[in-house]
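So the structure is just underneath, and the comments pick up after that.
The values are calculated or read from the model by the stated rules, or taken from the named source; none is laboratory data. Quick caveat, the model's predicted, so the values are computed rather than measured. A quick note on method: Cβ atoms are made from the backbone with ideal geometry, for glycine too, and the neighbour counts reach across all protein chains shown. Surface accessibility is based on the protein's heavy atoms, side chains included, excluding ligands, DNA and RNA. Shrake-Rupley method; radii C 1.70, N 1.55, O 1.52, S 1.80 Å.
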Amino acid sequence: ADIAATYGQPTAPGTVGPEAKKVLDAVLASSPQKDPYNIALTMESYLRSPAHFAYDPDVRDIDCGDRSAAECFAWSKHGFCQHYATLMAVLLRELHIPARFVQGYLPGVLDSRTGVEQISNQGKHAWVEVYFPGYGWIPFDPTGGNIAKSSPLPAGPVASARPSARPSASSTRAADRA
């Protein structure tokens, strides 16, 4: 499947309302560079900031009315990992940056005696993966409240701004087609 066609298209009309658009505009205004990687980094940092959003695992008292999940979080500014990841994935897709919502678990507790890591349901978590040609899917965790568990991007070769005339061996990797 073509990654850009599958993961880089804007979501359904109405998903990004006026509040989500304000978040997107603020991120774009504060991004030091306008390339997809720097936009994703800036968005991750913006969403994590307690100046903009509050981590709250109990959102039962928030009435979203007919707002989408992304618009509701942008409007209420309270939520947990699924809300942060949804808004980031939706906003990146609005910019045609391939992004996907991912759910899994945070690291568990390692028993040093047995070498077994125990993972519990309390470790359920959601984050975003952003696709960069030549690098594949890179995780970003926008969750606030010191919950996020991002790791730095591994060092790699400097990519040129211009594509070469001939495809490289890396463009035919299975990871690039996933």
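Say whether the condition of being open to solvent by 30 Å² or more (accessible area, probe 1.4 Å) and within 11 Å of the chain's Cα centre (by Cα) is met by at least one residue in the range 56-66. Taking every residue of the range 56-66 in turn, none turns out to be open to solvent by 30 Å² or more (accessible area, probe 1.4 Å) and within 11 Å of the chain's Cα centre (by Cα). Among the residues of the range 87-94, is any modelled with pLDDT of 95 or more, open to solvent by less than 70 Å² (accessible area, probe 1.4 Å) and basic (K, R)? Yes, the range 87-94 contains a residue that is modelled with pLDDT of 95 or more, open to solvent by less than 70 Å² (accessible area, probe 1.4 Å) and basic (K, R).
Selection of strands (runs of 3 or more DSSP E) fully inside the range 83-138 by the criterion of at least 2 residues being of a type in the set (F, W, Y) returns 99-105, 124-132.
Residues are listed down the side, and each one gets a yes or a no for (1) touching a His at 6+ places or on another chain (Cβ under 9 Å); (2) within 25 Å of Y131 (Cβ to Cβ):
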position: M43; (1), (2): no, yes
position: R48; (1), (2): no, yes
position: A51; (1), (2): no, no
position: Y55; (1), (2): yes, no
position: K77; (1), (2): yes, no
position: C81; (1), (2): yes, yes
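Residues in the range 69-82 that are open to solvent by 30 Å² or more (accessible area, probe 1.4 Å) and not in a helix (DSSP H, G or I): K77, H78, F80.
The number of residues in the range 1-32 being modelled with pLDDT of 95 or more and under 22 Å from W137 (Cβ atoms) comes to 3.
Look at the range 83-108: where a residue is under 14 Å from D141 (Cβ atoms) and a partner is in a loop (DSSP other than H, G, I, E, B) and open to solvent by less than 30 Å² (accessible area, probe 1.4 Å), sitting 6+ places away or on another chain with Cβ atoms under 6 Å, you get Y84/P142; Y84/T143; M88/P142.
T11 meets all of the listed conditions (1) surrounded by fewer than 19 Cβ atoms within 10 Å (Cβ to Cβ); (2) over 17 Å from the mean Cα position of the chain (by Cα) but one, namely (2).
Only one of these conditions is not met by I39: (1) β-branched (V, I, T); (2) modelled with pLDDT of 95 or more; (3) touching a Phe, Trp or Tyr at 6+ places or on another chain (Cβ under 9 Å). Which number is it? Failed condition: (3).
Beta carbons closer than 9 Å, at least 6 apart along the sequence or on distinct chains, pair a first residue in the range 46-61 that is without any contact (Cβ under 8 Å) to a residue 12 or more places away in the chain with a second that is assigned to a loop (DSSP other than H, G, I, E, B) and surrounded by 11 or more Cβ atoms within 10 Å (Cβ to Cβ) for D58/F80.
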